[in-house]
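**Student:** Sharing a structure with you now.
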Amino acid sequence: LMERKTRAKTNRKEVMLAKLRKSCSCTPKKLKNFVMDFFPVLRWLPKYHCKEYIWGDVMSGLVIGIILVPQAIAYSLLAGLKPIYSLYTSFFANIIYFLMGTSRHVSVGIFSLISLMVGQVVDRELLLAGFDLNDDAPPALGDGSLQNDSQTNTTAFNLTIAGMNAECGKECYAIGIATALTFVAGVYQVLMGIFRLGFVSMYLSESVLDGFATGASLTILTAQVKYLIGIKIPRSQGHGMLVITWINIFRNISQANLCDVITSAICIVVLVTAKELGDRYKHKLKFPLPTELVVIVVATLVSHYGKLNEVYASSVSGAIPTGFIPPKVPHFNLMLRVAVDALPLAIVSFVFTVSLSEMCAKKYAYTIRANQEMFAVGFCNIIPSFFHSFATSAALAKTLVKTSTGCQTQVSGVISAMVVLLVLLFLAPLFYSLQKCVLACIIIVSLRGALRKFRDVPARYHVNKVDTLVWVVTMSASALISTEIGLLVGIVFSMLCIIVRTQRPRTALLGQIQDTSFYEDDLEYENLSSVPKVKIFRFEAPLYYANRNYFLKSLYRLTNLDPNLEAARRKKYEKKEKQHLKKGDHTTANGLGIGETTLQLVPKQIDFQALVVDCSSISFLDSTGVNTLKEILKDYKDLNISVLLACCNPSVIDSLKRGGYFGKDFGSMQEMLFYSIHNAVQFAKDQ
């Protein structure tokens, strides 16, 4: 046996106190490092190579800004809010991530899935407050100020703020819910960063995230169909929203607005064609075509001069005010209502941001700090919530565009924020006549990537059937039940798959590769030779309480011997033999002589005298696992069969020692434990 290193014993209490003193101490150098770690921009901005980076950052910033404006206006439909709030969100998120983010390339802002999750909470709370979600009264033509709006819904809701009653209209209450939800989600993310709970993201596998994104995309697509064809149907809430919405669509299909249908068809054809051409010739294009912006500008001009709203009753965006609303603290009583909803929102937002950041860091050979990313995303939610913004996350499509247009640093995010600011201050009212069906077309076309995952199902199934099943279950639950429950179902189901895999792992009897000291699965490989009088059993999982019975059943089945049954059968024959001997009869009940009975006591099916257990795939043992090995050691010993363990890792050996497997003084350890299968086999042959 190899000698284990003796580790010096450490006083955990002293170590903890030393770490606590170090973390609580405050020196100028430590304070400086803390500030620079919390605001990474202070580290990289002074080293910014202007001549080398500025052109790529400006170009990518302008392109992303141009894409952000139409997407921000479109995604406001998903969130159930006015377009101005989406523009606020895009502006503040880019500025804050520029200061606090560690990724150079990721694009943070509005994201379709996050907007959908916010919109579902907003719609639910509006219904509970007594508002009518389907009011589509003509927007007021005031001076473009938000102070005059919110009167399109006659229902009012009383809020008690600091002991005073304030009357709040539908839009006021909707943004109040959104900002409260965003603030709580940001607080969750900051707390997760403080307590270093980033490991939570590990439980969201790629299959779960892809299935969640695809299922949510189907929900988003379904929610936009009513805008595509211009019908008025109730906004479905609760579980089964997708099915209920499609039923309502087909019931009201006769009310479709012909103007919206034609506009939608034209816009989808133009957008899809431009996207396909852009994908085909992207290596020749220096930057992506701003198709969404062109479509919005042309559609707005046609709608304005063609008076589509007045003549054909086509639904339009309405007045989008300019400037900023005075900041406002999110309502605490609303935070309590949405505290549970904010948790999945916080986790999904963080996971998408970190996964995209890690993807970019790996591609461009730099490192990110996941914990700081959590702080950055958290404050991208907390601070903007005071400025009438809703939840944000990194977005894959915009991140890919950002990297393809020469982005070098987050300076490009500041440029994008300036483009959005230009729209906020001067250009927003120009989108008054923009049809909602055009915004719905932009949203639906942006879902191409997620919906294309259906084409990858055969390839995914070929690679891993279990992962495909996880994807299907998560996607189905997200689409047919709800996004939050779909995410939970996906996580639980993927964990159950792992548990089932360890409960019923692969087991095998091994044979020797000819003329070598190596052994492999006898059923998987040809020309393996069995070792006389020795059985070699492999169990490809940890041995713990959940798979103990499967371990024993597999061992007995493959070796064709259950020691308990065999021991019971022997006792039965021995008892019968003693009874016949007492009677003085030299034949047994079977009519056999004593000598023949003695031969029959040694079963013919026992063709081995040693059992070698290959423990190379057993990563750990719990107390049940140790007791199981002790049990088979005793049972086989009663049949004069020795049990030898091979290839145990140090943690398994320690568990066996603590469990008393080798006896009190470990004296027999050298005859029971071997560092290779071949050594165990040689020992068994010598015995």
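The values are calculated or read from the model by the stated rules, or taken from the named source; none is laboratory data. Treat the numbers as computed from the prediction; the structure is a model and nothing was measured. Cβ sites come from the backbone with ideal geometry, for glycine too, and all protein chains shown count toward neighbours. For the accessible areas, the whole protein counts, side chains as well, though only heavy atoms, and no ligand, DNA or RNA atoms are used. Shrake-Rupley method; radii C 1.70, N 1.55, O 1.52, S 1.80 Å.
**Student:** Output the qualifying pairs, or none if there are none: Cβ atoms under 7 angstrom, residues six or more apart or on different chains, first residue in region 546-575 and within 24 Å of D522 (Cβ to Cβ), second residue open to solvent by 70 Å² or more (accessible area, probe 1.4 Å).
**Tutor:** Going by the 7 Å Cβ cut-off, the qualifying pairs are Y550/R504; N560/Q605; L561/Q605; P563/D638.
**Student:** Against the condition at pLDDT 80 or above and loosely packed, with under 13 Cβ neighbours inside 10 Å, how does N590 come out, does it pass?
**Tutor:** no
**Student:** Restricting attention to region 540-566, which residues are part of a helix (DSSP H, G or I) and not polar (S, T, N, Q)?
**Tutor:** Scanning region 540-566 gives R548, Y550, F551, L552, K553, L555, Y556, R557, L558, P563, L565, E566.
**Student:** Can you tell me which residue within region 642-670, out of those that are more than 43 Å from the chain's Cα centre (by Cα) and free of Cβ contacts under 8 Å to residues at least 24 places away in the same chain, is surrounded by the most Cβ atoms within 10 Å (Cβ to Cβ)?
**Tutor:** Among residues in region 642-670 that are more than 43 Å from the chain's Cα centre (by Cα) and free of Cβ contacts under 8 Å to residues at least 24 places away in the same chain, the one surrounded by the most Cβ atoms within 10 Å (Cβ to Cβ) is F662.
**Student:** Among the helices (runs of 4 or more DSSP H) contained in region 419-508, which hold 1 or more residues that are at pLDDT 90 or above?
**Tutor:** Counting at least 1 such residues, we get 436-446, 457-463, 465-480, 483-503.
**Student:** Still on this structure, I have one more. Picking from K284, K275, which residue would you name as being more than 12 Å from C437 (Cβ to Cβ), assigned by the TED database to the domain that holds P429, modelled with pLDDT under 90 and not in a helix (DSSP H, G or I)?
**Tutor:** K284
**Student:** Tell me which of these I64 doesn't satisfy, since it passes every other one: (1) open to solvent by less than 100 Å² (accessible area, probe 1.4 Å); (2) farther than 30 Å from M117 by Cβ.
**Tutor:** With (1) open to solvent by less than 100 Å² (accessible area, probe 1.4 Å); (2) farther than 30 Å from M117 by Cβ applied to I64, the lone miss is (2).
**Student:** If you don't mind, there's one more thing I want to ask. Suppose we filter region 428-461 for residues that are surrounded by 22 or more Cβ atoms within 10 Å (Cβ to Cβ) and farther than 28 Å from T322 by Cβ; how many remain?
**Tutor:** Count: 2.
**Student:** When you look at F195, is it surrounded by fewer than 20 Cβ atoms within 10 Å (Cβ to Cβ) and either farther than 19 Å from C441 by Cβ or of a type in the set (V, I, T) (or both), yes or no?
**Tutor:** Criteria met by F195.
**Student:** Of all residues being in contact (Cβ under 8 Å) with a residue 40 or more places away in the chain and of a type in the set (K, R) in region 220-244, which is nearest to Q435 (Cα to Cα)? Just the residue, please.
**Tutor:** K232
**Student:** How many residues does region 256-271 contain that are part of a helix (DSSP H, G or I) and either open to solvent by less than 40 Å² (accessible area, probe 1.4 Å) or farther than 13 Å from L308 by Cα (or both)?
**Tutor:** Total satisfying the criteria: 11.
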